[in-house]
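Each remark here refers to the structure printed beneath this line.
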Amino acid sequence: MTGSRAGDYRILHEAALRDYLAGQPDLAALLGGEPASWAITEVGDGNLNLVFIVTGGRAGIAVKQALPYVRLVGESWPLPLSRAHYEYLALSRQAQLAPGLVPALLHHNEALALTVMELLTPHIIMRKGLVAGTRYPRFTGDITTFMARTLFFTSDLARSAAEKKEGIAAFAGNHALCKITEDLIFTDPYRIAEQNRWTAPYLDALAASLRDDMELHVAISRLKLKFMASPEALIHGDLHTGSIMVTDGETRVIDPEFAFYGPMGFDVGAVIANLLMAYFASAGHERAPGERAAFEAWVLETVEAVWNEFSRKFLALWRTEAAGDAYPVSLFPGEKGAARLEAERQAWMQRLFADTVGFAGAKTIRRIFGLAHNIDFELIEDPKVRAISEARAVRLARTMMVETAKCPDIGSVTSAARELHNWMPEFSKDWGAYS
Ligand code: SR1
Ligand code: MG
């Protein structure tokens, strides 16, 4: 890590970045060749930062620099550069806990809010692959290992109370990023907010109904409080399919700038929500009816497998690696104690499942009515087709948040999704053959 003086920050566009990298002997040697020959391309398509791919004669690197504002909106929305520090810290921690599942860190400059990582190639952003209808055989195994290990080993089940509280303190300053989540996910979609948008006019009535739905407001408020006041583990904080890069054989989790100590279900729910959105959007990407049926079946199998494998791996860690101050072994002696503790583990996992389902619902609704949408839906060109896909996702999301008794297990979530596959919302009743 390079620690330049505070106040040294400047936005590095291509020429300045070339000079900066040329002045870092390790990086220059890694890239190879003359700095003038390096190809530098800005590829950032996220909402917040600059991302450059730099390719030299020998190798390539990825360079990420935080901007002092939200890229998606512009300078009118300032955002602390310190998010780059928290992202670097989280990536370092995740690399220890889930080796091989995050990009290798090569360099960090605190004052420039700049981090250099290995270039992931030929990996692509998973969301883009899902839009194209691609299946990823390694995904379930890798993402569940990532979540089980990063969540378990930063929790009170694995760490002493002192270590855990040091961890909370180390990330407590990332509150500006938490506030984005608190506003954009847990508040704005349920009220009139300038930055909200949706597929109008088709979803106008649904948007209005969200603002009027007090049961939904209770549900989202409970989830918001859980997000704000449950430092269970170091969570990624933005674990959607745009934060995951994949090939057939590899998975890498990127972009943990929203990391802080929060509720585990927020990460697991993010993965499940984004798979469910890929499922509902899929019909909108078909050139012929039924063309993507096998892909859609794989997506729902993956939703089930993500929960089942995550839960299995997390519980296995709890049984074999528990070294934290929670659930002291001395309180569960002998066979009777072991049996009672195992029953408690199962009950604990059931509570985490309920959190996961609720957060997944919230993460779906924000992508359809809030500021930041996703390409799963946005790339459906015909707004009528898009609105139908989105309405199906919202219907399931509301059930997941409010009618929790209908979602006692992951199979009931995927069954409900399947039932909604051909459901036609009221606004589309006279449109004929859309599906
Ligand atoms: C203003 S930032 C909007 C969204 O982009 C990030 O990826 C997070 O999901 C955030 O909520
Ligand atoms: Mg991001």
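The residue that is farthest from residue 80 (Cα to Cα), counting only those in segment 166-179 that are away from ligand 1 (no atom under 16 Å from the Cβ) and not in a helix (DSSP H, G or I), is 172. Here 182, 194 are screened, and the one residue that is assigned by TED's automatic domain parsing to the domain that holds residue 391, in a helix (DSSP H, G or I) and not β-branched (Val, Ile, Thr) is 182.
Matching residues to (1) surrounded by fewer than 18 Cβ atoms within 10 Å (Cβ to Cβ); (2) away from ligand 1 (no atom under 16 Å from the Cβ); (3) small (Gly, Ala, Ser); (4) not assigned by TED's automatic domain parsing to the domain that holds residue 375:
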residue: 162; (1), (2), (3), (4): yes, yes, yes, no
residue: 204; (1), (2), (3), (4): yes, yes, no, no
residue: 210; (1), (2), (3), (4): no, yes, no, no
residue: 243; (1), (2), (3), (4): no, no, yes, no
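Of the helices (runs of 4 or more DSSP H) lying entirely inside segment 334-435, those containing at least 1 residues that are among the hydroxyl-bearing types (Ser, Thr, Tyr) and in the same structural domain as residue 205 (by TED's automatic domain parsing) span 334-369, 383-402, 410-419. Residue 121 meets each of the listed conditions (1) out of contact with any helix residue (DSSP H, G or I) (no Cβ under 7 Å at 6 or more places or on another chain); (2) closer than 30 Å to residue 301 by Cβ; (3) surrounded by 16 or more Cβ atoms within 10 Å (Cβ to Cβ); (4) polar (S, T, N, Q) apart from (3).
Residues checked against (1) at negative phi; (2) crowded, with 24+ Cβ neighbours inside 10 Å; (3) free of Cβ contacts under 8 Å to residues at least 40 places away in the same chain; (4) β-branched (Val, Ile, Thr):
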residue: 335; (1), (2), (3), (4): yes, no, yes, no
residue: 341; (1), (2), (3), (4): yes, no, yes, no
residue: 345; (1), (2), (3), (4): yes, no, yes, no
residue: 351; (1), (2), (3), (4): yes, no, yes, no
residue: 354; (1), (2), (3), (4): yes, no, no, no
residue: 358; (1), (2), (3), (4): yes, yes, no, no
residue: 364; (1), (2), (3), (4): yes, yes, no, yes
residue: 369; (1), (2), (3), (4): yes, no, no, no
residue: 373; (1), (2), (3), (4): yes, no, no, no
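Does segment 379-399 contain any residue that is more than 16 Å from ligand 2 (Cβ to nearest atom), in contact with a Phe, Trp or Tyr (Cβ under 8 Å, 6 or more places away or on another chain) and free of Cβ contacts under 8 Å to residues at least 12 places away in the same chain? No, the conditions are met nowhere in segment 379-399. Does segment 229-257 hold any residues that are within 19 Å of residue 183 (Cα to Cα) and either in contact with a strand residue (DSSP E or B) (Cβ under 8 Å, 6 or more places away or on another chain) or within 16 Å of ligand 2 (Cβ to nearest atom) (or both), and which are they? Across segment 229-257, the qualifying residues are 230, 231, 235, 236, 237, 238, 239, 240, 256, 257. With a requirement of 1 or more residues that are of a type in the set (Ser, Thr, Tyr) and in contact (Cβ under 8 Å) with a residue 60 or more places away in the chain, the helices (runs of 4 or more DSSP H) lying completely within segment 79-165 that satisfy it span 83-97, 139-152.
Return the residue satisfying two criteria in turn: it lies in segment 127-147 and is farther than 17 Å from residue 94 by Cβ and among the aliphatic types (A, V, I, L, M), and of such residues it is surrounded by the most Cβ atoms within 10 Å (Cβ to Cβ). For segment 127-147, the residue satisfying everything is 130. Of everything in segment 31-70 that is closer than 15 Å to residue 13 by Cβ and part of a loop (DSSP other than H, G, I, E, B), the residue that is farthest from ligand 2 (Cβ to nearest atom) is 38. Among what's in segment 166-183 and is in contact (Cβ under 8 Å) with a residue 24 or more places away in the chain and of a type in the set (Gly, Ala, Ser), pick the residue that is nearest to ligand 2 (Cβ to nearest atom). Checking each candidate, the answer is 176.
Selection of segment 48-92 for residues being farther than 17 Å from residue 118 by Cβ and of a type in the set (D, E, K, R) yields 71, 75, 83.
The values are calculated or read from the model by the stated rules, or taken from the named source; none is laboratory data. Owing to the predicted nature of the structure, the values given are computational and were not obtained by experimental measurement. Note that each Cβ is placed from the backbone with ideal geometry, even for glycine, and that neighbours are counted across all protein chains shown.
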